[in-house]
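Each remark here refers to the structure printed beneath this line.
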Amino acid sequence: MIISTKGRYGVRAMFVLAKRYNEEELTSIKYIANEQEISEQYLEQLFSKLKTANLIESVRGQKGGYRLSAPPTDISVGQILRALEGPLAPTECVVDETGGCAKSESCTTHNMWKTVYDGINRVVDEMSLADMLNDFNKNNNEIENCRS
C-alpha cells in the first residue's frame, strides 16, 4: 500500500493548520500552498474532502480561510488519511469480508493481511496532529541546541 499525494499533501496541509491552531486569524489556501509548495488548486480539492469529513472549517470573505474543526490532540493522522484515501487496507478482503474474496474463510493469507491492516490503522489512529507538532518542536529544539 502506498499513500498517494492526496494523503501526503493532506497531512502536510493539516499540520500547517495545527501549527496555527491557537492563532486568531484563519489560514488561507495561498499561505499553505506557499509554505508546503503545493498547488492551490490541488489543496482546494483536498480541503473539500477534509471539510466533508468535518476535520476542517472554512469561512468565506476577505478575512476568510481555514482552521481545524477540533484541537490538534483530537485529530488523528488516520482520520486525515481515510478522508483523503479511503480505507487503509493492503487488500480488499480485510475491508469487505463478505464480498472481497470468495475464499476468505479458507484463505491462508487472510489473517496475515488482517494483522497488517489492523497494525497500520492502529499506528495512524494513535498519532495525532499534536504528536506531530511535538515531534516537530523537539527536532527544531535539537537543531537549535546543536547550533549553539
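No value in this document is a laboratory result; all are computed from the given coordinates. Model, not experiment: these values are computed from the prediction. Because the Cβ atoms are built from the backbone with ideal geometry, glycine has one as well, and the counts that use them run over all protein chains shown.
For n ≥ 4 DSSP H runs only, could you compute -39500 (n - 2.57) per run for the chain, divide by its residues and tell me the 222 nm figure to the nearest 500?
-17500 deg cm²/dmol
Give a quick list of trypsin sites (Lys or Arg not before Pro) in segment 1-104 that DSSP marks as loop, anything other than H, G, I, E or B, with at most 16 other Cβ atoms within 10 Å.
Of the trypsin sites (Lys or Arg not before Pro), the ones in loops of segment 1-104 whose Cβ has at most 16 other Cβ atoms within 10 Å are Arg60, Lys63, Lys103.
Are there GluC sites (Glu not before Pro) in segment 30-76 that DSSP puts in a loop and that have at most 15 other Cβ atoms within 10 Å, and which ones?
Here the sparse-neighbourhood loop sites are Glu37.
Any idea what the relative contact order of segment 5-147 is, in percent, if you count C-alpha pairs under 8 Å spaced at least 6 apart?
26 percent
What length, rounded to one decimal in nm, is gained on full extension from Lys30 through to Ser106, with 0.36 nm per residue of separation minus their alpha-carbon distance?
So the extension gain works out to 22.2 nm.
Less than 13 Å Cβ to Cβ from Pro72, Lys/Arg counted +1 and Asp/Glu -1: what total charge do the surrounding residues give?
-1
As an exercise, use a Förster radius of 35 Å and the Cβ-Cβ distance of Tyr42 and Val116 to find the FRET efficiency, rounded to the nearest 0.05.
Numbers: r = 29 Å, r/R0 = 0.84.
The calculated FRET efficiency here is 0.75.
By how many degrees, 0 to 90 and rounded to 10, does the Cα axis of helix 110-126 deviate from the longest principal axis of the chain?
20 degrees
Could you work out which residue, out of Ile32, Ile56, Ile120, moves most in a Gaussian network model of the chain, that is, has the largest mean-square fluctuation with Cα springs under 10 Å?
Checking each option, the largest mean-square fluctuation is seen for Ile120.
Calculate the tail of P(r) for segment 5-147: the fraction of all Cα-Cα distances greater than 19 Å, expressed in %.
When all Cα pairs of segment 5-147 are counted, 58 percent exceed 19 Å.
Excluding residues on the same chain fewer than 8 positions from Lys103, give the lysines whose Cα lies under 17 Å from its Cα.
Reachable lysines: Lys114.
Pop the C-beta distance of Ala130 and Lys49 into the FRET formula with R0 = 22 Å and round what comes out to the nearest 0.05.
0.50
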